[in-house]
Amino acid sequence: MDLQDPPAPTASATSPLLLIGNPNVGKSVIFGHLTGRYVTVSNYPGTTVEISGGVCRLGGAEREVIDTPGVNNLLPSSEDEEVTRDLLLAREGFSVIQVADTKNLRRALLITLQLAEMGLPMVLVLNMHDEALARGVRVDRERLSELLGVPVVATVATRGEGLEDLERCLDGARRADLEMVYDADLEDALTRLEGLLPDCGLGPRALGLMTLAGDDGLLEWLRGRTSRTQYEEIQRVREELSGRKPEPVGYVINRERFQMVDQLLEAVSSREETARTGLTSVLGRLSVHPIWGVPILLGVLLAVFEFVGVLGAQTLVGLLEGSLFDGIVNPAATRFVHAYVPTALLQDLLVGRYGVITMALTYALALILPIVSTFFLAFAVLEDSGYLPRLAVMVNRVFTLMGLNGKAVLPMILGLGCDTMATLTTRILESPKERVMVTLLLTLGVPCSAQLGVILALLGGMSITATLIWLTVVLSVIFLVGWAASKVIPGETSDFVLEMPPLRIPQARNILIKTMARLEWYAREAIPLFVMGTLLLFALDRLRLLALLEAAGRPITVHLLGLPQETAQSFLMGFLRRDYGGTMLYNMAIHGRLNHQQVLVALVTITLFIPCIAQFFVTIKERGLKMATAMAAFVFAFSLTVGCLLNLFLTLLKVRV
């Protein structure tokens, strides 16, 4: 191994910018700073991986900015890494902003070496600089910049520190002044590949290393860009090299790269042992303690319940729904419509029983908005504090009993925000079996934020016994189905390896940005569905089909579940949107049309009921039509069975809830 000094061209002042880095290093924060609100989000073609793009305005010029998925290696082992690899292959003339976690610089420098081999102009950002200092990690930024030959910037992105320095460095992005020289067998194979590989923005050496390292996805790309003779010779070179190595070639390449990384780290970094005695450090350790972690977990859940279920669902809903909409908005709208809208049909459409104003907007703005607002705030605090990975550690032992590991809790926690997006994030799980199991559990028993808010609101007005019964039934069902699925679904599960970030004091700015972004999503995506659902109910009512549906569901809703006949509407609308069905139950409960036992049975049933239509379509995309349909059919029958058994149990034992 040795260092060479290739030419180091600088980037164009108008070249596109590509953000690359390991997961959870703050790329999105830097992306948001550079692009502001000029952002688009779309799936990368042929995948479910989302790519964020925007425009950065620097020095009077506009530059395109793309935020790539977090990667640990540019030799892909996941769909996220494949997308980043494909972006590097597809784009030419761009500069790279590599974002690194300063306290975990070793894994970041592995990517730096690969970017250097690709000959890409780059700037290295040492983010989370404050956390590194708190842990006794010192990095000589100037020395690192000198060794790499690229600008190196220290930042604390969450507080905006160093971001102006980053902007000033972007025009000076350069190709790194180093290149790895590998062992003789590898270098011989690379020489033989010269002239066989097609031209692309990455250069033949980097492309050759990716090919030799076993990037099978790259072979299809090469097949379409080389002649048959060239492709066969490329395959022959790979096979001969593999035959000379007792270990996988990719492992050998990474081992030699890490040797170079360790040389760089030794030259630029030092670590001092520090006594981590601050409050956040102590809480961080206690939160994963097998004993003390339990009361902390219960305290967090209680705080979320009080904030969402009491403040949001009772106090704020009471103000908006009771005082504002019922007292002012709806009476004024009704008077206006009856005075100026000529036909009874349009009047009923706007302010009738299934009116756009009196039902759709009242539900969306007066009942759901305060609940999801408080939930989004609470969830943003948990995210920004770094508590969610600790939650994964705390539940790992329980998840292991049903064939999963603690990492599976992360998509399920995200499901408390949105099950549709959580279904997409099951890609972080390493085995197909785990992805299928977690998708099933998301479909079955994880309520989304809006639905959970309504559930907490209803439970907040009942006894602690009702809350414990609901929680026990739902968690027991999730555990039972997960355990059974682990026995039925073929395949293996992965080991539990998870990076543990430090516990932080949440930043108000970050919490506000995340909450406002999610509320914008709610306004854009959810409110129109409330209107659509109301219009559907209005049409079904006018066509006398709603009564037929209620009558068809009467044997189950009335005789088995013990619920009023009109609750069939809630389950019907729950398929359009989960929280809409829950909101209809909430409206019935606060107007005295459901007693406490009926509320509890309805809550358990609708919590376990079939997914909303958006999640169903995403499940089709992720798992296929056959699997998605089978999951929905199972969940439909299973949820009604559990609801019927719970009603029978409460009735026979005369349990007071």
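We did not get these values from a lab; they are worked out from the coordinates using the rules stated. This is a predicted model, so every value here is computed, not measured. Positions of Cβ are backbone-derived with ideal geometry, glycine not excepted, and every protein chain shown enters the neighbour counts.
Compute the separation of the alpha-carbon centres of the range 303-352 and the range 104-175 and state it in Å as a whole number. Using only Cα atoms, the two centres lie 53 Å from each other. Relative protection proxy for 114-121, 635-642, from highest mean packing down: 114-121, 635-642 (other beta-carbon atoms within 10 angstrom). D by Stokes-Einstein for the range 365-412, Kirkwood Rh over Cα pairs, 4 °C, 1.567 mPa s: 107 µm²/s. Given in Å, the Rg to one decimal and the Dmax to the nearest whole number for the Cα atoms of the chain are 28.3, 89. Both the radius of gyration and Dmax for the range 534-650 are 14.4, 43 Å, in that order, over alpha-carbon atoms. Taking each DSSP H run with n ≥ 4 as -39500 (n - 2.57) and averaging over every residue of the chain yields -17500 deg cm²/dmol at 222 nm. Treating each Cα of the range 69-198 as an identical point scatterer and summing with the Debye formula, the log10 of I(q)/I(0) at q = 0.12, 0.14, 0.17, 0.20 Å⁻¹ comes to -0.53, -0.71, -1.00, -1.29. Measuring between alpha carbons in the structure, the pairs from Lys407/Lys433; Lys407/Lys487; Lys407/Lys626; Lys27/Lys103 lying more than 21 angstrom apart are Lys407/Lys626. By DSSP, the beta bridges lying fully in the chain are antiparallel in about 55 percent of cases. The share of Cα pairs per 10 Å bin across the range 175-326, counted from zero up to the longest distance, runs 8, 22, 15, 10, 14, 17, 10, 3, 0 percent.
Peptides 532-544, 360-372, 290-302, ordered by how many other C-beta atoms sit within 10 Å of their residues on average, highest first, read 360-372, 532-544, 290-302.
For the range 476-492, 3J(HN,Hα) computed residue by residue from phi via the Karplus equation (6.51, -1.76, 1.60; θ = phi - 60°) reads 5, 5, 4, 5, 4, 5, x, 5, 5, 5, 5, 7, 8, 6, x, x, 10 Hz, glycine and proline entered as x.
Angle of helix 567-576 to the longest C-alpha principal axis of the chain, folded into 0 to 90 degrees and rounded to 10: 20°.
The trypsin sites (Lys or Arg not before Pro) of the range 277-371 meeting both criteria, a DSSP state outside H, G, I, E and B (loop) and at most 15 other C-beta atoms within 10 angstrom of the site's C-beta, are Arg353. Between 0 and 90 degrees, the angle of helix 527-542 with respect to the longest Cα principal axis of the chain falls at about 40 degrees. Given R0 = 45 Å, the distance between the Cβ atoms of Val55 and Phe649 translates into a calculated FRET efficiency of 0.15.
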